[in-house]
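Below: the structure, in structure tokens.
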Amino acid sequence: MKMSIRAILTLVLAVAAYSQASFAVVYPLPANNGRLVGENITVIVSQGSSLPLEHFAAQYQMGLSNMLEANPGVDPFLPTPGTVLTIPQQLILPDTPHEGIVINSAEMRLYYYPKGTNTVVVLPIGIGELGKDTPMNWVTTVQRKKAGPTWTPTAKMHEEYASRGEFLPAVFPAGPDNPMGLYALYVGRLYAVHGTNANFGIGLRVSHGCVRLRDADIKWLYDNVPQDTRVQFINEPVKASVEPDGKRYIEIHNPLSSNQEEFDSQQPLPITLTGSANTVAMDPAVNQTVVQRAIEMRSGMPVQVN
């Protein structure tokens, strides 16, 4: 696998900043208010491979949705040997304060800005199912942390499972079979950032509204995120940036369905450019053909548009 000098430097800086964060992708924050970080890499599915796309997603700290957007047409169950996979490690930081945790449901990523480090840790997440949505416009804090959380299903959850012929215990005890995993950061009465006993859900809408992470990632957050840390939930399928060198970028993800009709539809949901994204897209220096192509492709990767 070839890595550019920039990608190697990013990796070196990540190790230097957080030697214990062997499972986290850590980027140095760009200078002069820039928001573009990282660089995409490619890997080739080896001959004889029978590994699913989730294997590559986990290996390179991606969610399944990130890999599917960046690699349209690839079989998620059995990528064909010889296929060149793009690992979308370049991204535009959300247009939010560089403070605490920022959770962008639309791109299924969690950003953590550790105080005093000038870095950002980026982790893939799973989010709430349709109708059990993860919050999308909310600022709160890490109110408490717990190793070995238990899970108490609500009455509605009991009814839901019973309708499928499944029955839940009154309380799931702590342990590896607990759907909340081994660690949890509670951010409100009904919501938590927690682990899972089913890693396949990272990058998918699978939870009852909480934010789900792989085991190593939630362990890292539990160990490194202090109580009372600011947490911001957003839903931004489109991000855009004007970089210090004058280059304009736009990054487009598939918007989340907001109702069953949208969820069942085979047609892509419309993309709405608002705020800074609209400002960038309407800049006279921008190539509108490139913008439209980016909207059509929805690769989840930054595209230079000027």
Query raised in the report: Give me the pairs: first residue in the stretch 289-306 and free of Cβ contacts under 8 Å to residues at least 60 places away in the same chain, second residue crowded, with 21+ Cβ neighbours inside 10 Å and among the hydroxyl-bearing types (Ser, Thr, Tyr), beta-carbon distance under 8 Å, and six or more apart or on different chains, which are they?
Result: Val303/Tyr249; Gln304/Tyr249; Val305/Tyr249
Query raised in the report: Of all residues in the stretch 214-229, how many are more than 14 Å from Pro176 (Cα to Cα) and under 14 Å from the mean Cα position of the chain (by Cα)?
Result: 1
Report summary line: Counting only residues that are open to solvent by 10 Å² or more (accessible area, probe 1.4 Å) and in a strand (DSSP E or B), the stretch 60-99 contains a total of 2
Query raised in the report: Given Ala198, Ala162, Ala170, Ala147, which one is under 30 Å from Ala70 (Cβ atoms) and either at pLDDT 90 or above or of a type outside the set (Ser, Thr, Tyr) (or both)?
Result: Ala198
Report task. Go over the candidates Asp245, Asp283, Asp264 one by one and state the one that is over 21 Å from Gly34 (Cβ atoms) and either at pLDDT 95 or above or not basic (Lys, Arg) (or both). Result -> Asp264
Report summary line: The strands (runs of 3 or more DSSP E) lying wholly within the stretch 111-158 that contain at least 1 residues that are of a type outside the set (Lys, Arg) and not assigned by the TED database to the domain that holds Arg205 are 119-124
Query raised in the report: Do you know which of the residues in the stretch 286-305 that are open to solvent by 30 Å² or more (accessible area, probe 1.4 Å) and among the charged types (D, E, K, R) is nearest to Met136 (Cα to Cα)?
Result: Glu296
Report summary line: When every residue in the stretch 230-285 that is within 23 Å of the chain's Cα centre (by Cα) and hydroxyl-bearing (Ser, Thr, Tyr) is compared, the one least open to solvent (accessible area, probe 1.4 Å) is Ser241
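The values are calculated or read from the model by the stated rules, or taken from the named source; none is laboratory data. No experiment lies behind these values; they were computed from the predicted model shown. Don't worry about glycine lacking a Cβ; one is built from the backbone with ideal geometry, like all the others, and counts go over all protein chains shown. Remember, those area values only see protein heavy atoms, side chains included, never the ligands or the DNA or RNA. Shrake-Rupley method; radii C 1.70, N 1.55, O 1.52, S 1.80 Å.
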